[in-house]
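Engineer: This structure is in structure tokens; I'll ask about it shortly.
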């Protein structure tokens, strides 16, 4: 009897091991296909890349990139669920399997490569400084000793920490919180990617750019869990198809208008 029980337990253990092994081999691509929808982590406060319209619907350049991946997977760009993420929590959401992919203004850095795998770059950006209209700040060196709004976990936050260590960084979870802090005189500047700041500038009279020379140029990538090669290869092949078909350039023109041509030239360098 004991031998039968031991044999049964051994068989159960082997079966469970095989199941988990098969799941590991299959990876995210097969998981997503079985589920029938893609779950993407996106920004909701980052126009024109990721934001909510007046009806609360996800819109933006990143949103359309995610939809293109959904269309490549299922022939349906609406077979997708958007999960709001921030710069501070997006990696945790990915590694805990709450999402399948990060499509959220994610700058490729060597440090982040230790935690996630990045796709080929799909966007290029740089940091600028947004200030009030009466500000005397003209360059990032002027931020020394001043209160500066940054977004927790963002490239701008890292850049100021490294370039201006004496600046007092006031970290926020969201861009609109940082913007209000600037307008309410709680900080003297807001450092963030230039694409977002230009959008905020158009909507907020009384503010200006400290200058028009972006610093710390960087490229965005889509992010997947470490070691998920099949899924990453699929993402990269989808990006290649978008660029070769002209779809990618159309999305740039849709969301960035006159700036699209300059962005496209930068991207191809």
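The values are calculated or read from the model by the stated rules, or taken from the named source; none is laboratory data. None of the values given here were measured: they were computed from a predicted structure. All Cβ positions, even for glycine, are placed from backbone atoms using ideal geometry, and neighbour counts span all protein chains on display.
Engineer: Which ones in the stretch 76-89 are part of a loop (DSSP other than H, G, I, E, B) and either surrounded by fewer than 24 Cβ atoms within 10 Å (Cβ to Cβ) or touching a residue at least 60 places away in the same chain (Cβ under 8 Å) (or both)?
Structural biologist: Within the stretch 76-89, 76, 77, 78, 79, 86, 87, 88, 89 qualify.
Engineer: Got a sec? Which of 156, 227 is closer than 21 Å to residue 113 by Cα, touching a helix residue (DSSP H, G or I) at 6+ places or on another chain (Cβ under 9 Å) and in contact (Cβ under 8 Å) with a residue 24 or more places away in the chain?
Structural biologist: One residue alone meets the criteria, 227.
Engineer: What tally of residues in the stretch 114-135 results from selecting those that are part of a loop (DSSP other than H, G, I, E, B) and within 20 Å of residue 240 (Cβ to Cβ)? Even if it seems obvious, please write down each step before you answer.
Structural biologist: First pass over the stretch 114-135, keeping only residues part of a loop (DSSP other than H, G, I, E, B): 115, 119-122, 133-135.
Cutting the leftovers down to within 20 Å of residue 240 (Cβ to Cβ) gives us 119-122.
Looking only at that region, the number is 4.
Engineer: Continuing with this model, one more query. Could you tell me which residue of the stretch 140-163 is farthest from residue 89 (Cα to Cα), considering only residues that are in contact with a strand residue (DSSP E or B) (Cβ under 8 Å, 6 or more places away or on another chain) and assigned to a loop (DSSP other than H, G, I, E, B)?
Structural biologist: 145
Engineer: Okay, next question. Take the stretch 26-48 and flag every residue that is at pLDDT 95 or above and either in a loop (DSSP other than H, G, I, E, B) or out of contact with any strand residue (DSSP E or B) (no Cβ under 6 Å at 6 or more places or on another chain) (or both).
Structural biologist: Of everything in the stretch 26-48, those that are at pLDDT 95 or above and either in a loop (DSSP other than H, G, I, E, B) or out of contact with any strand residue (DSSP E or B) (no Cβ under 6 Å at 6 or more places or on another chain) (or both) turn out to be 28, 29, 30, 31, 33, 34, 35, 36, 37, 43, 44.
Engineer: I've got another one for you. Quickly run through the stretch 213-236 and pick out the residues that are buried (at least 22 other Cβ atoms within 10 Å of the Cβ) and part of a loop (DSSP other than H, G, I, E, B).
Structural biologist: Correct list: 221, 222.
Engineer: So which residues in the stretch 177-193 are buried (at least 17 other Cβ atoms within 10 Å of the Cβ) and farther than 16 Å from residue 143 by Cβ, if there are any at all?
Structural biologist: 179, 193, listed by residue number.
Engineer: Looking at the stretch 90-104, can you tell me whether even one residue there is touching a strand residue (DSSP E or B) at 6+ places or on another chain (Cβ under 8 Å), surrounded by 16 or more Cβ atoms within 10 Å (Cβ to Cβ), within 23 Å of residue 214 (Cα to Cα) and modelled with pLDDT under 95?
Structural biologist: No, that holds for no residue.
Engineer: Go through the stretch 182-212 and count every residue that is free of Cβ contacts under 8 Å to residues at least 12 places away in the same chain and in a loop (DSSP other than H, G, I, E, B).
Structural biologist: Result for the stretch 182-212: 2.
Engineer: Follow-up. When you check residue 169 against the structure, is it surrounded by fewer than 16 Cβ atoms within 10 Å (Cβ to Cβ) and within 24 Å of residue 44 (Cβ to Cβ), yes or no?
Structural biologist: It is false that residue 169 is surrounded by fewer than 16 Cβ atoms within 10 Å (Cβ to Cβ) and within 24 Å of residue 44 (Cβ to Cβ).
Engineer: Kindly establish whether residue 128 is farther than 23 Å from residue 30 by Cβ and buried (at least 20 other Cβ atoms within 10 Å of the Cβ).
Structural biologist: On the way: farther than 23 Å from residue 30 by Cβ: yes; buried (at least 20 other Cβ atoms within 10 Å of the Cβ): yes.
Taking the combined requirement at face value, the residue satisfies it.
Engineer: Then there is this: Has the stretch 138-154 got at least one residue that is over 29 Å from residue 243 (Cα atoms), surrounded by fewer than 17 Cβ atoms within 10 Å (Cβ to Cβ) and not assigned by TED's automatic domain parsing to the domain that holds residue 188?
Structural biologist: Checking the stretch 138-154: not a single residue is over 29 Å from residue 243 (Cα atoms), surrounded by fewer than 17 Cβ atoms within 10 Å (Cβ to Cβ) and not assigned by TED's automatic domain parsing to the domain that holds residue 188.
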